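A short write-up of the structure that comes next.
The values are calculated or read from the model by the stated rules, or taken from the named source; none is laboratory data. Everything quoted here is computed from the prediction, not taken from an experiment. So basically every Cβ, Gly included, is an ideal-geometry build from the backbone, and we count neighbours across all protein chains shown. To get the accessible areas, we keep the full protein, side chains included, count just its heavy atoms, and leave off ligands, DNA and RNA. Shrake-Rupley method; radii C 1.70, N 1.55, O 1.52, S 1.80 Å.
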Amino acid sequence: MRLGSLRPALHSRFWRHVQTASTAPRGRFAALGSEELRHLKQLLGPSNVLTPEEVEREDLLRYNQDWMGKWEGRSSAILKPATTQEVSAILKYANEKNLAVVPQGGNTGLVGGSVPVHDELVLSLLRMNQVEALDTLSGIVTVEAGCVLEQLDQYLAKHGFMVPLDLGAKGTCTIGGNAATNAGGLRYLRYGSLRGNVLGVEAVLADGQVVDSLYALRKDNTGYGLPQLFIGSEGTLGVITKLTILCPARPKAVNIAFFACSSFEHVQRTFSLARQKLGEVLSAVEFCDRSAIDFVLKREAGTGVRDPLEETYPFYVLIETSGSDGEHDSEKLHRFLEAAMSDGDAAVQDGVVAADETQARALWRLREGVSDAMTTAGYVYKYDVSLPLPRMYELVEETRQKLQEAGVEATAKAAGYGHLGDANLHLNVTSLTGRDDKVLELLEPWVFEWVSKANGSISAEHGIGQCKPHFLHLSKSESAVALMRTLKATMDPKGILNPYKVLA
Ligand code: FAD
Ligand code: MLT
Ligand code: ZN
C-alpha cells in the first residue's frame, strides 16, 4: 500500500474575519464595566482574565470565533477558572450582576454553541484539565471537564483502558464539551452514547450552586437521573466541572479496512454483512462518497495520504474491528472479506486492509479529514442528521439536484459522509466562493423539512447551538419543547447561561 505519514487530526487554523450569523437581538443583560472586571480579576487573579487591554486581538478571537469561522462574538473578557469553587464564584457574581456567560471547552463545536453571540463573558474550562482518579478494577475515571479528549485517552491507555468516545477533534475538544454536546463520533456503534457511559457529573448552576452528582456507580436508581440533565444541554443548564466515566478495556487487536462500493445499496449490504460476519469485534462502520474523498485528497496533497485504490468509486466504507485476540479477529475479517467480495454482484468492488498502524491512521485520515478539508475549501453549510438507513443518501442526491437546477453546482459542492453504523449522515455543501445567501436559501429550511418528513432528526450529534433553535420544532414535539423551557426557567431564571442557544 502506498500510504505514508500523517498530519495531526485537527489542523491549526488561521482565525478568519467574519460577521456573526445570528440575528438574535441582545438580551437585557448588563454590560461588563470596570468595577465588574476588577471584581473578576480579584476572584481569579489578573492573568486568568483575558481582556483587550492585556492580549492581542488574535488571542481574543480564538475564544470569540468558532472553528469553522462562521460565527463571531465580541466578548471582551475570557475567564479562566482553575477550580469548581472559582466557577461557582464567577456564576454567583454574574447572576447577581445579570451578566451573560458562555461556557467553553475546546471550541470545536460545529453549531456555534461555544462562542458568544453578542458580548457574553466566555468561561473557559481549559485550566481544569486534571484526571483525579481511576479505579483500575471498574475502569471508572474521575476527570475535570477541561481535560482534552486525546490526553484523557492517552492517560487511560497507560492503564489498559480507553475513552468510549473518539472523534476527529480529539486533540482539541474537551471531555466536558463532549458531555455538554453528548458527542457521538467514531466509537458510538460499539460503545454507545455518553448518556450511557457518563455515570456522574459535578456541575455549577447559574446562581453558583454546586450540584454534586459525581456518582461512580454503574447502577443507581435513587430518583431522577440528574447527570442526564447536563449531558447534551450545550451549556444552557449548568457548567460541567467534573465527570465520572465508565471506560472499556483498551482492545489489544485493531484492524482497519477500507472498501469501495458501486452504489449506496452496496454500501448498505456491506454494513449488513459486517454485522453478520464480524459480530462482537465490529467497532466502527463509517462511509464517504467520492466527492468527500476528493476534498480530503486535495487538502492532504503532499502529506502522504493518498487514494489507496487504483480506480475511483462512488462510495467508500471504512470498517474497524477491535478485540482481544488478533488471530481470531483477522480470521473473522477474512471470512467477511470473502463474503463481501464473492458472488456475481459483490457488495464491495475493491479494498485494502491496513498492514500496520501508520497505514491504519492514514485510512482513518481519509474519513476523519473530510470536515477539515471541506471547511478549508470554502464556506460550509453543514447538516448533521439521523435518517432511516435506506433513505440516508437520497438526501445528498436530491441536494445535488437542487443545486444543479439552480445552476450553482459548479461552485456549491455537496458531499455525503458519516457514521453509517449509527445511520448518521453528514451532508456538507461547500460554497467555493465563500458565504452565499442564494445557496443558503436553497438549503434551508428545505433540508430540515425533508429530514422531518422522513422521520429523522435534524441534529444527530452536533447539537442545536445558535445554528438551529428555529428548527427545533421539526424534531421535538410542542410538549417536549415546553418542558425544556420549564427546565431552563427553573434552573436559570435570569437566562444568563449560554443565551440565544438551543431554545429560540
Ligand atoms: P465547545 O466547542 O467548547 O462547546 C460545545 C458546547 O458545549 C457549547 O454549547 C458550550 O457552551 C458547551 N460546553 C463546553 N464545555 C462545557 C462545560 N464544561 N459545561 C457546560 N457546557 C459546556 N462532534 C461529534 O459529535 N462527533 C464527531 O465525530 C465530531 N467530529 C468533529 C470533527 C472535527 C474536525 C471538529 C472540528 C468537530 C467535530 N465534532 C464532532 C464537534 C465537536 O468536536 C464536539 O461537539 C465536541 O464535543 C465539542 O467539545 P469542545 O470541548 O470543543 O466544546
Ligand atoms: C465527523 O463525523 O467527521 C464530524 O461529525 C465532523 C463533521 O461532520 O464535520
Ligand atoms: Zn460525525
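Of Lys92/Lys488; Lys402/Lys438; Lys170/Lys277; Lys170/Lys413, which pairs sit farther than 19 Å apart, going by alpha carbon to alpha carbon? Lys170/Lys277; Lys170/Lys413, as the Cα separations exceed 19 Å there. The tail of the calculated P(r) for region 383-466, taken as Cα-Cα distances beyond 17 Å, holds 44 percent of the pairs. With Cα atoms defining each centre, region 429-501 and region 160-234 are spaced 22 Å apart in the structure. Taken one residue at a time, the phi angles of region 383-399 give Karplus couplings (6.51, -1.76, 1.60, θ = phi - 60°) of 10, 10, 10, 9, 9, x, 3, x, 9, 4, 7, 3, 4, 5, 5, 5, 5 Hz. Gly and Pro are set to x. Available extension along the chain between Thr433 and Val131 is 104.3 nm, counting 0.36 nm per residue and deducting the alpha carbon span. Looking at the chain, what % of the alpha carbon pairs are farther apart than 39 Å? Percentage above 39 Å: 24.
Size descriptor for region 223-356, Kirkwood hydrodynamic radius: 17.4 Å (Cα pairs only, one decimal). Taking every protein chain into account, the accessible area of the chain amounts to 42 square angstrom per residue (probe 1.4 Å).
Set the bar at 19 Å for Cα to Cα. Now go through Lys70/Lys476; Lys468/Lys501; Lys41/Lys70 and name every pair that lies beyond it.
Working: Lys70/Lys476 26 Å; Lys468/Lys501 8 Å; Lys41/Lys70 30 Å.
Pairs exceeding 19 Å: Lys70/Lys476; Lys41/Lys70.
Give the peptides 374-385, 234-245 in descending order of average Cβ contacts within 10 Å, highest first.
Averaged packing, sorted descending, gives the order 234-245, 374-385.
DSSP beta bridges confined to region 373-504 are antiparallel in about 95 percent of cases. Average projection, convex hull of the Cα set of region 362-504: 10.1 square nanometres. In plain terms, the chain from Asp212 to Ser477 could stretch by 92.3 nm, reckoned as 0.36 nm per residue minus the Cα-Cα distance.
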